[in-house]
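Structure first, then comments.
The values are calculated or read from the model by the stated rules, or taken from the named source; none is laboratory data. All values derive from a computational prediction rather than experimental measurement. Note that each Cβ is placed from the backbone with ideal geometry, even for glycine, and that neighbours are counted across all protein chains shown.
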Amino acid sequence: MTKTINVWYKEGLKFKCTECGLCCTKEPGYVWLTDEDINTLSEGLELSRKEFLQKYTRKVFNRYSLLEDNKTYDCIFLKNKRCTVYKHRPKQCVTFPWWKNNLESKKAWKEAKKRCEGIDREDGKLYTQEEIDAKLID
Ligand code: SF4
Ligand code: SF4
């Protein structure tokens, strides 16, 4: 079933990731990992699940999140402003900016835009409402 939560973006929205890396740093946050993310990253890094979890994650509220630098808030996988696990990156990263909290209102989208230069770019791909709704995650 289509997960339509609002129609303010019924004309679609433009987005193109410039790979600037800003969403992977600067502010404290959580990159939550699904079970599938843990498997994919462990396999990609040729580690056991246990090794991967010990080396790269922290447990918060009974869920796993990637480690980040205490001072810069860089994600542990961000090196020279690039994601070093891009092919295996977690669902939360793949689906940005199509998160429900970013799409709940035009204001929320504008707020997200302050932190992401890919949002509303003129040269961005125009995503239709249907495409956006199909991508939306919590
Ligand atoms: S901040 Fe936006 S443009 Fe920059 S890497 Fe993240 S998603 Fe891409
Ligand atoms: S896994 Fe990659 S894309 Fe996701 S926050 Fe870390 S560096 Fe950024």
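Do the conditions hold for residue 107, that is, is it touching a strand residue (DSSP E or B) at 6+ places or on another chain (Cβ under 6 Å) and not in a loop (DSSP other than H, G, I, E, B)? Answer is no for this residue. Output the residues belonging to the range 102-138 that are away from ligand 1 (no atom under 15 Å from the Cβ), under 12 Å from the mean Cα position of the chain (by Cα) and either more than 30 Å from residue 47 (Cβ to Cβ) or surrounded by 15 or more Cβ atoms within 10 Å (Cβ to Cβ) (or both). The one that is away from ligand 1 (no atom under 15 Å from the Cβ), under 12 Å from the mean Cα position of the chain (by Cα) and either more than 30 Å from residue 47 (Cβ to Cβ) or surrounded by 15 or more Cβ atoms within 10 Å (Cβ to Cβ) (or both): 136.
Cβ-Cβ distances below 7 Å connect the following pairs, each with a first residue in the range 59-77 that is over 19 Å from residue 41 (Cα atoms), a second residue that is within 15 Å of ligand 1 (Cβ to nearest atom), and a separation of six or more residues or different chains: 72/25; 73/25; 73/26; 73/27.
For first residues located in the range 2-15 and at positive phi, partners that are assigned to a strand (DSSP E or B) and at pLDDT 55 or above and lie 6+ apart or on another chain with Cβ distances below 9 Å form the pairs 12/126; 12/127.
Before we move on, is residue 63 more than 24 Å from residue 15 (Cα to Cα) and of a type in the set (Lys, Arg)? Yes. Here residue 98 meets the list (1) away from ligand 1 (no atom under 15 Å from the Cβ); (2) in contact with a Leu (Cβ under 8 Å, 6 or more places away or on another chain) almost entirely, failing just condition (1).
Can you tell me which residue among 136, 126, 66 is among the aliphatic types (A, V, I, L, M), farther than 30 Å from residue 7 by Cβ and touching a strand residue (DSSP E or B) at 6+ places or on another chain (Cβ under 8 Å)? Talk me through it step by step, then tell me what you get.
Working: 136 fails: farther than 30 Å from residue 7 by Cβ; 126 fails: farther than 30 Å from residue 7 by Cβ.
Checking each option against the conditions leaves just 66.
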